[in-house]
Amino acid sequence: MGDLSVTALYTCQTWISAGLGCAELFAMPDAKGVFDATNAALALSRKLRPELPSLRASLLARHAMIDHVLAATAPRRVLELAAGFSARGARTTNQPGVEYVELDLPNVARKKRALLEATAAGRAVLARVSYRLQEGDALVFPLDAALRGEGPRLVIAEGLVPYLDANARRTLFTRVAAALREAGGGTFVFERVPDEELPAEGAVGGALGWAMRRFTKGQGFAKDAKSRAVLRAELATAGFDEVVVTTPADDASALGAAPAGERAQVVLFVARVA
Ligand SMILES: C[S@@+](CC[C@H](N)C(=O)[O-])C[C@H]1O[C@@H](n2cnc3c(N)ncnc32)[C@H](O)[C@@H]1O
């Protein structure tokens, strides 16, 4: 798999290696290979620049912070965009009362379905009426159907917004706000570290950025959202009524999820349509 699906392989193995519930359903050799190769490169960069935030700690903190928003929202409907090989949908629909729709691009959604079809536990997840796995591009796919019906409603985009440039962000934010408004209101959660808070690249960071752009066929991180204020303004223009920003320091579940001694960097945006 090329493009951004490679990044989903890395996060897939991160969830497995941390022992997150249902993550084993998506175990595959490709994910282990990408995880090991990336970690070898990152170990070198951390040796040279130990002050850098840890990718693993940041991913685990972000996942826990989004789980926290999920628990606090107690939604009836969840639409998870760019769900990749995340097991959150499988985990959440273990309990009754939540309708969960996952969306990703066709190559990833098909692979995820194939992995679920390959085991009895996976087939049991696919058989739930409360769980749906859909193929589509979050920037064009109709979002309202998954949110229609009684609330509360939650839209999750984990590991997607950092790759979107300002135009694509505007499209995504406007579509999510409109779909939530149409459905009767709800919450949108995503993470994005503003450019001015990112560590300076330096030679090692530059090399990793170059490797990542090659890996993802040019889709590295976008660098056009300077500050939290820029993202807040984009969300307000898109139609959100209220935005709360949190970091691991505000959330005990994030601190508990990150491995001891490793620094997590996450900036989480929780935006609401009344
Ligand atoms: C970094 S991975 C994150 C996967 C998952 N959310 C997680 O945290 O494990 C990025 C995911 O975004 C998906 N993606 C990228 N652009 C997308 C788009 N326009 N619509 C839907 N999914 C997209 C990729 O296929 C990939 O699965």
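What follows is calculated from the coordinates using simple rules that are stated; it is not laboratory data. Quantities reported herein were computed from a predicted structural model and do not represent experimental measurements. Cβ coordinates were reconstructed from backbone atoms using ideal geometry, including for glycine residues, and neighbour counts include every protein chain displayed.
Descriptive notes on the structure:
- Cα-based shape type of region 1-137, given that a ≥ b ≥ c are square roots of the gyration tensor eigenvalues and the cut on a/c is 1.5: prolate
- Ellipticity at 222 nm from helices only: DSSP H runs of n ≥ 4 in the chain, each -39500 (n - 2.57), divided by the residue count, give -14500 deg cm²/dmol.
- Applying 1/(1 + (r/R0)^6) with R0 = 35 Å to the Cβ-Cβ distance of residue 232 and residue 262 gives a FRET efficiency near 0.75.
- Within a straight-line Cα-Cα reach of under 18 Å, residue 111 can be paired with the following aspartates and glutamates, leaving aside sequence neighbours fewer than 8 residues apart in one chain: 3, 24, 30, 80, 102, 135, 137.
- Contact order relative to length of the chain, as percent, for alpha carbon pairs under 8 angstrom and 6 or more apart: 25 percent
- Restricting region 49-118 to GluC sites (Glu not before Pro) in coil, as DSSP defines it, with at most 12 other Cβ within 10 Å: 51
- For the chain, the membrane-span-like helices by this rule, meaning whole DSSP H stretches whose C-alpha atoms cover at least 20 Å of axis and whose Kyte-Doolittle mean is -0.5 or above, are 29-48, 55-73, 166-183; this says nothing about an actual membrane.
- Taking a straight Cα-Cα cut-off under 18 Å and skipping sequence neighbours fewer than 8 places away in the same chain, the aspartates and glutamates within cross-link reach of residue 226 are 165, 191, 195, 196, 197, 201, 234.
- Anisotropy class of region 1-72 from Cα gyration tensor, a/c 1.5 cut: oblate
- Pairs of Cα atoms farther than 24 Å apart, the chain, %: 47 percent
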